[in-house]
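Heads up, the thing below is written out as structure tokens.
Rule-based calculations on the coordinates, nothing more; no lab input. Just so it is clear, the model here is predicted, and its values are computed rather than measured. Note that each Cβ is placed from the backbone with ideal geometry, even for glycine, and that neighbours are counted across all protein chains shown.
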Amino acid sequence: MVCGMNVERRARKERKGILVLFFFAASAFLSVSPVSPVSLVAQQPEAPTDPAAVERGGQLLREQCGFCHGTNARGGSGGPDLTRSTIVADDENGKQLGAFLHEGRLDRGMPKFDLPPSQLTDLSAFLHAAIYANANRRLYKILDIVVGDPKAGEAYFQGAGRCASCHSPTRDLKGLGGKYDPVVLQGRLLLPRGRVSPPGEPAPPLYTDPTAIKATVTAGGETATGAIVRLTDFEVTIYDSASQRQRSWLRNGDTPKVVITDPLQAHVEQLPKWTDAEMHNMTAYLMSLK
Ligand code: HEC
Ligand code: HEC
């Protein structure tokens, strides 16, 4: 499984603070009529009708999707802006969204999720509210501001976060502050899958990247490992970086045997552990690395 789904409840309290702020800002905006009614009336999506569902959905999004799609669904470095997704726009009460999440797009870095119908309805309510509120950029500024204590971030890096077991501020992470802006950096910190391409340059396929999720396929006594290009119930295709070739097998139940490994497992396991405070402190610390 790509995504750590066991959410730590202790993180909830702190997260709630920002969420409530968002929710207040959102409801303040939603209860006031749009500033320029003339231009908005025609294409205005429906206003959310169940504020409690919107709030629950927002919390769920922050916990399970926010690492990749941004805490406000407007996109992170790992995943696209969901308020511009046609799947989301066409969704009715979580039905289409649920069907999409059930499959995921593993080959493109989108994990699959099996969520109960009530949670799908909540997610859908939140996403539609986010589309509605999209007209007002002011709301999102509140969430994007990076505030944190770099000293506390450093302590977490060397201590509880165990980051120092794989990284060093003077070697691989040297100069990180000059490399990314804070929002992109926060995305890299959460799930550094793939490379950030310069603006205008198309990103290379994810399966060519060392951080791609791998599959080890065992068929007829032979074993092959490579980045996942496609993985469905019927087929597995991997990319062998040494030969730069793709190989495919048809799947039938457990044949051939497929074992999935993730080079970013440590980052994935850290995802549900982050609190807002720790994340902000770490971003401030990493931004200070020259
Ligand atoms: C590990 C990162 C990650 C997580 C976690 C994640 N996503 Fe995604 N998601 C992606 C990526 C990457 C794509 C783009 C896939 C592609 O290029 O087709 C995507 C695509 C999508 C799309 C399709 C957008 C479109 O119209 O093409 C939807 C909808 C979506 N995600 C919803 C969710 C929801 C809801 C959650 C939480 C339950 C979630 N995602 C969690 C990475 C993630
Ligand atoms: C078990 C090893 C491991 C641990 C532990 C780990 N990481 Fe990583 N981290 C990686 C790998 C692998 C990459 C991808 C490296 C690459 O793309 O070259 C990465 C990438 C990153 C990047 C992106 C660097 C860039 O240039 O884009 C940041 C930032 C980062 N990690 C921060 C952290 C922090 C902070 C922690 C602690 C909370 C942490 N990591 C814990 C293995 C680890």
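Report the charge-dipole magnitude of segment 214-261 in Debye, nearest 20, computed about the Cα centre from +1 at each Lys and Arg Cβ and -1 at each Asp and Glu Cβ.
120
What is the local net charge at Leu206, summed over the other residues whose Cβ is closer than 11 Å to its Cβ (Lys, Arg +1; Asp, Glu -1)?
Taking every other residue near Leu206 into account, the sum is +2.
In vacuo Debye scattering of segment 214-261, one point per C-alpha: log10 I(q)/I(0) at q = 0.14, 0.16 Å⁻¹?
For segment 214-261 at q = 0.14, 0.16 Å⁻¹, log10 I(q)/I(0) is -0.27, -0.35.
Checking the table Lys174/Lys257; Lys151/Lys179; Lys112/Lys257; Lys174/Lys273; Lys112/Lys290 against a 30 Å threshold on Cα-Cα, which pairs fail?
Exceeds cut-off: Lys174/Lys257; Lys112/Lys290.
What distance in nm lies between label points placed 7 Å from Cα along the C-beta direction at Thr86 and Asp240?
A separation of 3.7 nm, rounded to one decimal place.
Stretch Gln265-Ser165 to full length: gain in nm at 0.36 nm per residue minus the Cα-Cα span?
Result: 34.6 nm gained on full extension.
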